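The numbers here are math on the coordinates, done by the rules we state, and not lab data. Being a predicted model, the structure only gives us computed values, none of them experimental. Cβ: placed from backbone, ideal geometry, glycine included. Neighbour counts: every protein chain shown.
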Amino acid sequence: MSPEVKPDFLISPEGLRIDGRRPDEMRPIELKVGVLKQADGSASIRQGKTYIIAGVYGPRELHPRHLTINDRAYLRVTYRMATFSVPDRKRPAPSRREREISMVIANSLRPTLFLEEYPKSVVDVFVTVIQADGGTRCAAINAASLALADAGIPMRSLIPAVAVGKADGKLLVDLGDEEDKYGQGDVPMAIIPQTEEITLLQQDGSFTKEELVEAMQMGINSCKYLHELQKEALKRAYVKKPGEGGDDDDDDDDDYEDDLETDLGEAELPEDE
Ligand code: CDP
């Protein structure tokens, strides 16, 4: 990443942001489901330059046992930044910030999950920030919610999240890193889209009451847009397109042979006797 330079302004005279976005415009978003082979469920998100992968393992036996909850599963979220994810090398030891963000992600996701179906177990959610460019806690919630759905954890709804902030006196959705660092504040939020119930609301910086109400409405609108993207990503992973098959046992064998050809090269495949 290029060295940090404080921008001259965050909002241009034309009312656009440093990356050319309008105040209510999200960064480009790419969501993918089923990106990790070993996990029970997984998803990735690219939100502008922020890039995050979430993997879900479980429900499974909980260690250490003293954390056991008798009537439901423990939702354990571990948010970590890769050492190379930020301009200054991040120290590998878990920081207080990472522990706090792990907790707020778990609190945001828990209300829609039927964890009572898995008493005494754990659902582990590992979130790794590969590249951080602002808004990682919200992007992590967007990906982790999809990964939980991919793992088949029963839920009432997916949870979308976005940060709304303020720079040069203007309210902006989905802050990038410079807007986060040099702006006047941010309000990360997550909602249950059907009911608009809020599962995450934090605030950094100062906002008037009117600004906060407007920021939250902008956040709700952006979360509803994100929710549509989440549903589309799930459908892309699970709804078979016509002609993709799935009822023919031979398909699996064909796939296996295709893999062999890819891995070894056709010339090295043993001859059929
Ligand atoms: O990422 P999020 O906005 O949820 O959390 P933050 O604590 O407000 O951090 C804002 C941004 O600062 C991150 O997204 C990173 O781009 C950057 N950051 C960093 O450069 N180095 C760190 N050790 C932590 C955060």
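So the values come out like this:
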| quantity | calculated |
| --- | --- |
| Neighbour net charge for HIS63 - beta-carbon separation under 11 angstrom, K R +1, D E -1 | +1 |
| Listed residues ASN107, ASN70, ASN142, most fluctuating in the chain (Gaussian network, C-alpha, under 10 Å) | ASN70 |
| Exposure proxy ranking, count of Cβ atoms within 10 Å, fewest first, for LYS224, LYS240 | LYS240, LYS224 |
| Helix 250-264 axis, angle to the chain major axis (alpha carbon atoms, nearest 10°) | 80 degrees |
| Set LYS170/LYS241; LYS37/LYS241; LYS32/LYS181; LYS181/LYS241; LYS166/LYS231; LYS90/LYS240 screened for pairs whose C-alpha atoms are more than 32 Å apart | LYS170/LYS241; LYS181/LYS241; LYS90/LYS240 |
| Cut-off under 5 Å, modelled amide H: who pairs with TYR74 long-range | ILE69, SER121, VAL122, VAL123 |
| Where trypsin sites (Lys or Arg not before Pro) fall in DSSP loop in region 2-107, at most 10 other Cβ within 10 Å | LYS37, ARG89 |
| Sites excluded, chymotrypsin sites (Phe, Trp or Tyr not before Pro) in DSSP loops with at most 14 other C-beta within 10 Å, longest stretch of the chain | 115-273 |
| Label-point separation, GLN194 to GLU61 (7 Å along Cα→Cβ), nm | 3.6 nm |
| Rg(Cα)/(2.2 N^0.38 Å) for the chain, N = residue count | 1.15 |
| Dipole magnitude (debye, nearest 20) for the chain, charges at Cβ of Lys, Arg, Asp, Glu | 2620 debye |
| Mean ellipticity per residue at 222 nm, deg cm²/dmol - from DSSP H runs of n ≥ 4 across the chain, formula -39500 (n - 2.57) | -9500 deg cm²/dmol |
| Computed over the chain: relative contact order in percent, which uses C-alpha pairs under 8 Å that are six or more apart | 19 percent |
| Crossing angle, helix 136-150 versus the chain [Cα axis fit, 0-90 degrees, rounded to tens] | 30 degrees |
| Between 0 and 90°, nearest 10: helix 96-109 axis offset from the chain longest Cα axis | 70 degrees |
| ILE130, ILE52 arranged by Cβ crowding within 10 Å, fewest neighbours leading | ILE130, ILE52 |
